[in-house]
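In what follows, a structure is listed as structure tokens, so that the remarks can point back to it.
The values are calculated or read from the model by the stated rules, or taken from the named source; none is laboratory data. This one's a predicted model, so the numbers in the text were calculated from it and none came from an experiment. Using ideal geometry, Cβ is built from the backbone for each residue, glycine included, and neighbour counts are taken over all protein chains shown. Ligands, DNA and RNA are stripped out before the accessible areas are found, and what is left, the full protein with its side chains, is counted by its heavy atoms. Shrake-Rupley method; radii C 1.70, N 1.55, O 1.52, S 1.80 Å.
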Amino acid sequence: MTQYLKDRYGLLINGEWVDAENGATFETHNPATGELLALCANASAKDVDRAVKAAAAAQPAWAAKSPAERANILLKIADRIDERALELATVETLDNGKPIRETTLVDVPLSSDHFRYFAGCIRADEGEATMIDENTLSIILREPIGVVGQIVPWNFPFLMAAWKLAPVLAAGCCTVFKPSNHTSLSVLELARLIADVLPK
């Protein structure tokens, strides 16, 4: 079952897979067997700063994409998840210890559905203009806020990644994302799966 995994994972910064600046790594193990699954780069404060700078540099171009463009990218992400659903469910089970039935029937399909949901939301979202009185117009205009930092715990790493990534990307924001060091592999595999779909 470990054929789906790489032996070593880096950090995805500015569209490139890189080692931690100090070379630090951590091990991830199958909680059911204790088997070593992979080595993962352990980001330092300098790596986080580098990721934030890369996300900030990417922010204006991503925010400038139309809702239709962002929706199409979210739909591509959902399609990629669906195409590799069994592989992703297997990785989640190996790394997290969840039953394969749960990862196959809940975590992975609900994740792709979440990207589809937010693709639809941004196509249907509208601003709002209301006349408060004869001289006052209130306008609500939704705009990206910038770079968002996100942390996911160990218990639903893949599904929570979708819960956090889909709305941020839909809104036109960029993100620096930290999965749990206990269950990083499904999120890292998601990043491998979609790195060429998203801009750097």
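Is one or more of the residues making up the stretch 2-18 assigned to a helix (DSSP H, G or I) and either under 16 Å from the mean Cα position of the chain (by Cα) or polar (S, T, N, Q) (or both)?
Yes, that holds for at least one residue.
Regarding the stretch 121-138, can at least one residue be identified that is in contact (Cβ under 8 Å) with a residue 60 or more places away in the chain and open to solvent by 20 Å² or more (accessible area, probe 1.4 Å)?
no
Which of the residues that make up the stretch 41-70 are outside any helix (DSSP H, G or I), under 30 Å from Phe26 (Cα atoms) and out of contact with any strand residue (DSSP E or B) (no Cβ under 7 Å at 6 or more places or on another chain)?
Ser44
If I go through the stretch 39-53 residue by residue, how many of them are open to solvent by less than 60 Å² (accessible area, probe 1.4 Å) and either touching a residue at least 60 places away in the same chain (Cβ under 8 Å) or more than 22 Å from Leu185 (Cβ to Cβ) (or both)?
3
Among the listed residues Ile122, Ile140, Ile145, which satisfies the condition of being over 20 Å from Ala61 (Cα atoms) and either in contact with a Cys (Cβ under 6 Å, 6 or more places away or on another chain) or at pLDDT below 95 (or both)?
Just one listed residue meets the conditions, Ile140.
Restricted to the stretch 54-98, and to residues that are surrounded by 19 or more Cβ atoms within 10 Å (Cβ to Cβ), touching a residue at least 24 places away in the same chain (Cβ under 8 Å) and among the small types (Gly, Ala, Ser), which residue is farthest from Ser111 (Cα to Cα)?
Ala54
Check whether at least one residue in the stretch 10-21 is open to solvent by less than 70 Å² (accessible area, probe 1.4 Å), farther than 19 Å from Leu190 by Cβ and among the hydrophobic types (A, V, I, L, M, F, W, C), and report yes or no.
yes
Only one of Ile145, Ile194, Ile139, Ile132 is of a type outside the set (D, E, K, R) and either within 15 Å of the chain's Cα centre (by Cα) or closer than 30 Å to Gln3 by Cβ (or both); which?
None of the others qualify; the one that does is Ile194.
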